[in-house]
């Protein structure tokens, strides 16, 4: 659902708005669910037209997305209020079903545009008087009123006297859209977890250097706190498994922290660090994602990762290629996916673990009160940026303190620009959610994924449960 706030610049197109609109149209496309608009849009903010009008991802892109959704069988339903000229007119005409308030209008050009055309190419006193007269006329009788678009063109399917009646009509048409009864896909009756969600506030440590039990988190998410883990003895830095959310089968992937066992990773003489990805974990995720695609199971990712193992030993173990292999597996899997940045989303691991960069399949990305997103830790970035400068200053006999000060400044800037609220303001995540509410958001995502899927695997044809059982 998308709505214009007509109390903010008359619902005008402003910078940054298009990206939010395209995110929501992408959400409707990925989940194959209706898109609902509340339209009261004055079109381009004319004093900032260069920021919103043109470009591949400008506001006008939305109209092509509407056409794409309709081509895919996804309805776009609009409730239309007030005056909607120019871009607002296309905002009104591009959906599938148009439900209008009695005072609404949509038009290629509004009163201001129609009355503002000057054949002289410049403005003078005579032209100003003409604009005043025309504006007064079109304010009384704006172009594209209900009389035109309900009575003549038939663009408005229905017209209502009150705003509440328009909202009720939107609900009526959403109810008409295709949607399976939940029992069609549920494999069991919904159950609450055995443990309270409020526990999550104390399980996940704010201190990024402290470990925690990821299974304890899952026990407060899954129906009945039950699950089937995929390859538990392989790739111990990653959890992969099936569980039920409100009775729907769902795939889960997440990072494991803490001690990962002796002699792991098997290809290296050094011990594994929880949260980092190694060869076996990458292979396991590739297998699990591919099988979820085969069984048409939606996937929820939990990210708390410091990245992928590095160095020549890791390169010989093919970690670079296995990371890109996981990206390929996600892309070809073609099932809805959701990502939760539990704590750290770092380096290439943020991409390959179902992050928002997986545009075609990531439906939604959530942050939490402990979310941090950066290409690398601030101290690491400072060393990478200033190591050579330190060497040069040292060799030249110059004081190191100015460089050290810059390193500390960069580390602090990384910290400040990775906080949850910063990540949300910049669109790195779609929303910040309190830990006890995570299950509700996952349930909403899974319910949407099973509401009107584009393809189906009968539960008795699924391979993942059989592979897990052995």
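Each reported figure results from applying straightforward, stated rules to the coordinates on display, with no laboratory input. Please read these numbers as outputs of a predicted model, since none were measured by experiment. Here Cβ is always computed from backbone atoms with ideal geometry, including for glycine, and neighbour counts include all displayed protein chains.
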message: I'd like the antiparallel share, as a percent to the nearest 5, of DSSP beta bridges with both residues in the chain.
response: 25
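Taking R0 as 30 Å, what FRET efficiency do you get between residue 395 and residue 310 from their Cβ-Cβ distance, rounded to the nearest 0.05?
0.65
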field: Virtual paramagnetic centre 7 Å along Cα→Cβ of residue 179, amide N under 20 Å, in the stretch 296-313
entry: 298
task: Return the percentage of antiparallel bridges among DSSP beta bridges fully within the stretch 190-344, rounded to the nearest 5 %.
output: 50
- line: What helix-only [θ] at 222 nm does the chain give? Using -39500 (n - 2.57) per DSSP H run of at least 4, over all residues, to the nearest 500, the answer is -11500 deg cm²/dmol
statement: If one compares the long axis through the Cα atoms of helix 125-140 with the longest principal axis of the Cα atoms of the chain, the angle in degrees, nearest 10, works out at 80
- prompt: By how many degrees, 0 to 90 and rounded to 10, does the Cα axis of helix 279-295 deviate from the longest principal axis of the chain?
  reply: 50
task: Any chance you could check the Cα centroid distance between the stretch 254-330 and the stretch 357-420 for me, in angstrom?
output: 24
- request: Report, to the nearest 10°, how far helix 438-449 tilts away from the longest principal axis of the Cα atoms in the chain, using its own Cα long axis and a range of 0 to 90°.
  value: 60
